[in-house]
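Asker: Sharing a structure here in structure tokens format.
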Amino acid sequence: MKRLLALCISLQIAFVLLYITGILPELNAYAGAIVCLIIGFASMVLSLYSAGKKFSLGVSFLAFIFSLFIICFTIFIYFLPEAGMPPVIPLFD
């Protein structure tokens with residue numbers, strides 16, 4: 001159980017490192033969105049599973065909140081228009 005929560009937190013640290021180091025903007029838009037969404041959903045599932053098993057509820061809850069932040073941030077960056085500019089990945093053409 002401890003390994004699953006550690007994996008969840010490692011995924012979230014990997015997202016932060018991808019964002020801070022500038023690797024994420026260098027990726028193709030579709031690849032970047034897919035990587036971020038996979039990281040977000042995988043960490044959300046792992047945090048919910050560890051919270052369901054009642055393992056370290058506080059850390060599991062914080063990991064769940066941060067995974068929701070990752071998913072919402074990815075949707076905001078890649079799929080929503082901003083200030084009259086079209087989205088990076090248009091859902092409807």
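The values are calculated or read from the model by the stated rules, or taken from the named source; none is laboratory data. Owing to the predicted nature of the structure, the values given are computational and were not obtained by experimental measurement. Cβ atoms come from the backbone with ideal geometry, glycine included; neighbour counts cover every protein chain shown. Accessible surface is based on the protein model in full, side chains and every heavy atom, while ligands, DNA and RNA are left aside. Shrake-Rupley method; radii C 1.70, N 1.55, O 1.52, S 1.80 Å.
Asker: Pairs, please: C-beta under 9 Å, at least 6 apart or cross-chain, first residue basic (K, R) and in segment 40-55, second buried (at least 20 other Cβ atoms within 10 Å of the Cβ)?
Answerer: Close Cβ pairs satisfying both conditions: K53/S60; K54/S60.
Asker: If you check every pair at least six apart or on different chains, which have Cβ atoms under 8 Å apart with a residue in segment 3-20 that is under 21 Å from S56 (Cα atoms) first and a residue that is small (G, A, S) and open to solvent by 40 Å² or more (accessible area, probe 1.4 Å) second?
Answerer: L5/S56
Asker: Please work out which residue is nearest to I71 (Cα to Cα), limiting yourself to segment 9-58 and to residues that are polar (S, T, N, Q) and open to solvent by 40 Å² or more (accessible area, probe 1.4 Å).
Answerer: Within segment 9-58, the first condition is being polar (S, T, N, Q), and the residues that meet it are 10, 12, 21, 28, 43, 47, 50, 56.
Filter again for open to solvent by 40 Å² or more (accessible area, probe 1.4 Å), leaving 10, 21, 28, 56.
Details: S10: 16, T21: 19, N28: 18, S56: 23 Å.
Among residues in segment 9-58 that are polar (S, T, N, Q) and open to solvent by 40 Å² or more (accessible area, probe 1.4 Å), the one nearest to I71 (Cα to Cα) is S10.
Asker: Is it fair to say F61 is loosely packed, with under 15 Cβ neighbours inside 10 Å, at pLDDT below 95, part of a helix (DSSP H, G or I) and of a type in the set (A, V, I, L, M, F, W, C)? Spell out the reasoning first.
Answerer: Details: loosely packed, with under 15 Cβ neighbours inside 10 Å: yes; at pLDDT below 95: yes; part of a helix (DSSP H, G or I): yes; of a type in the set (A, V, I, L, M, F, W, C): yes.
Here the answer is yes, as F61 does meet what is asked.
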